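Chemist: Once you've had a glance at the structure underneath, I'll fire off some questions.
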Amino acid sequence: MSAAASPPPPGQRMYHGHGTPAKTEGRLARLFLIGAALTFWALFLLAPLVIVFGSALSEGIEVYLAALADPETLSAIRLTLLASAIAVPVNLLFGLSVAWLISKYDFTGKSLLITLIDLPFSVSPVIVGLMFVLLFGARGWFAPLLEALDTHVIFAVPGIVLATLFITAPLIAREVLAVMQAQGDSEEEAALTMGASGWTIFRRITLPKVKWGVIYGVILCNARAMGEFGGVSVVSGHIRGETNTLPLHVEVLYNEYQFAAAFAVASLLAFLALLTLVLKQFVEWRAHKKLHALSMQDVPAPLSLPPTPGVSS
């Protein structure tokens, strides 16, 4: 009678009909995937950053600082900050309202509303710009009203703000909605049965629970608003010193063969991307740490024996 085969060591899997463990193949697969990821990171993420900052400083720090201090560059920075300063708070209010409505209520047309929120993700930004031109342009639907009010939307700041608002609208709403749906509404229902008002429930229960989702969405919305190109390019008119944002100003400088100045301005956007990445990772780390702390609170404490009478601890 033959002896039974001993089981493979823990962490190893035996192939059928072979005595070679799969551990070697697993190690090779991991090394291959890690190498592929590092190669991709070096070629498509690190190399462009090195090229941008290297080209920006190729003609010296004086040229770099002069390009950043140029009046047209400062105007582009101000316009970019203005569009972001308007788009982020408006989208924050919109995102919180829509996420609260979808996650807490059932109503007819709920699926349609979710689809409309995702619409800017599926429409090209250039198409968005053309849509605003058809609505607010010189021959657009609202042209008579705008002419009567002596107001300009296309080739002016309002058009840039509208395009930025539309393109960045889903970012905060989607992040907050996902967090609200994951958290559930048991605490809100308990507060409601105790007589708390809707505003009190939102301010003292819901908002603290979705805080990190809100911050994450705001970071992404701000980064997209500052870096938007396609839709803003259509509605801006490329008026230098008036309707050029930072991405548009980079295009103008590059087309005029001012490569050092173009890369100097582009380095601001690259720095913004790096800052966004750092903030994103920090928010994810804090959120993970908070979830871990909450999960540890649910673990029951170990039982302890009562002290023996007459024996000091």
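Just so it is clear, none of the values below were taken in a lab; they were calculated from the coordinates. Note that this is a predicted model, so its numbers are computed, not measured. Note that we place each Cβ from the backbone using ideal geometry, even for glycine, and neighbour counts take in every protein chain shown.
Chemist: Name the residue from Thr168, Val153, Ser186 whose Cα lies farthest towards the positive end of the charge dipole of the stretch 145-218, charges +1 on Cβ of Lys and Arg and -1 on Cβ of Asp and Glu.
Modeler: The residue sitting farthest along the positive end of the dipole is Ser186.
Chemist: May I ask for the distance between the Cα centers of the stretch 84-133 and the stretch 38-61, given as a whole number of Å?
Modeler: 35 Å
Chemist: When the chain is fully extended, how far beyond the present Cα-Cα distance does Leu46 get from Ala138, taking 0.36 nm per residue of separation?
Modeler: Values: separation 92, 0.36 × 92 = 33.12 nm, distance 4.44 nm.
Stretched out fully, the Leu46 to Ala138 stretch lengthens by 28.7 nm.
Chemist: In deg cm²/dmol and to the nearest 500, what is the mean residue ellipticity at 222 nm of the chain if only DSSP H runs of at least 4 residues count, each as -39500 (n - 2.57), divided by the residue total? Walk me through the intermediate numbers first.
Modeler: Numbers: 15 runs with 215 residues, N = 313.
That comes out to -22500 deg cm²/dmol.
Chemist: Hey, another quick one. What angle do you read, to the nearest 10 degrees and between 0 and 90, between the alpha-carbon axis of helix 23-41 and the longest principal axis of the chain?
Modeler: Computed tilt is about 20 degrees.
Chemist: Okay, next question. Using a simple spin-label model with points 7 Å from Cα along the Cα→Cβ vector, what separation in nm is obtained for Val123 and Arg204?
Modeler: According to this spin-label approximation, the distance is 4.1 nm.
Chemist: Another question about this same structure. If you split all Cα-Cα distances of the chain into 10 Å bins from zero, what percentages do you get per bin, shortest first?
Modeler: Reading the bins upward from 0: 5, 17, 21, 20, 16, 10, 6, 3, 1, 0, 0.
Chemist: Taking the Cα-to-Cβ direction at Phe32 and at Phe107 and moving 7 Å from each Cα, how far apart do the two end points lie in nm?
Modeler: 5.3 nm
Chemist: In debye, nearest 20: dipole of the chain around its Cα centre with unit charges on the Cβ of K, R (+) and D, E (-)? Working shown, then result.
Modeler: Working: 19 positive and 20 negative charges, 233 e Å.
The calculated dipole for the chain is roughly 1120 debye.
Chemist: Hey, another quick one. Taking the simple approach of a point 7 Å from Cα along Cα-to-Cβ for both Gln181 and Leu116, what is their distance in nm?
Modeler: 1.8 nm
Chemist: Angle, helix 47-56 long axis vs. longest principal axis of the chain, Cα atoms, 0 to 90°, nearest 10?
Modeler: With rounding to tens, the tilt is 40 degrees.
Chemist: Under a cut-off of 24 Å between alpha-carbon atoms, report the lysines in cross-link reach of Lys104, not counting same-chain residues fewer than 8 places apart.
Modeler: Lys209, Lys211, Lys290
Chemist: For a Förster distance of 51 Å, can you work out the FRET efficiency between the beta-carbons of Ser97 and Arg240, rounded to the nearest 0.05? Let's see the in-between values first.
Modeler: Details: r = 38 Å, r/R0 = 0.75.
Between Ser97 and Arg240 the formula returns 0.85.
Chemist: Helix 211-227 versus the longest principal axis of the chain: what is the Cα-based angle in degrees, 0 to 90, to the nearest 10?
Modeler: Tilt of helix 211-227: around 30 degrees.
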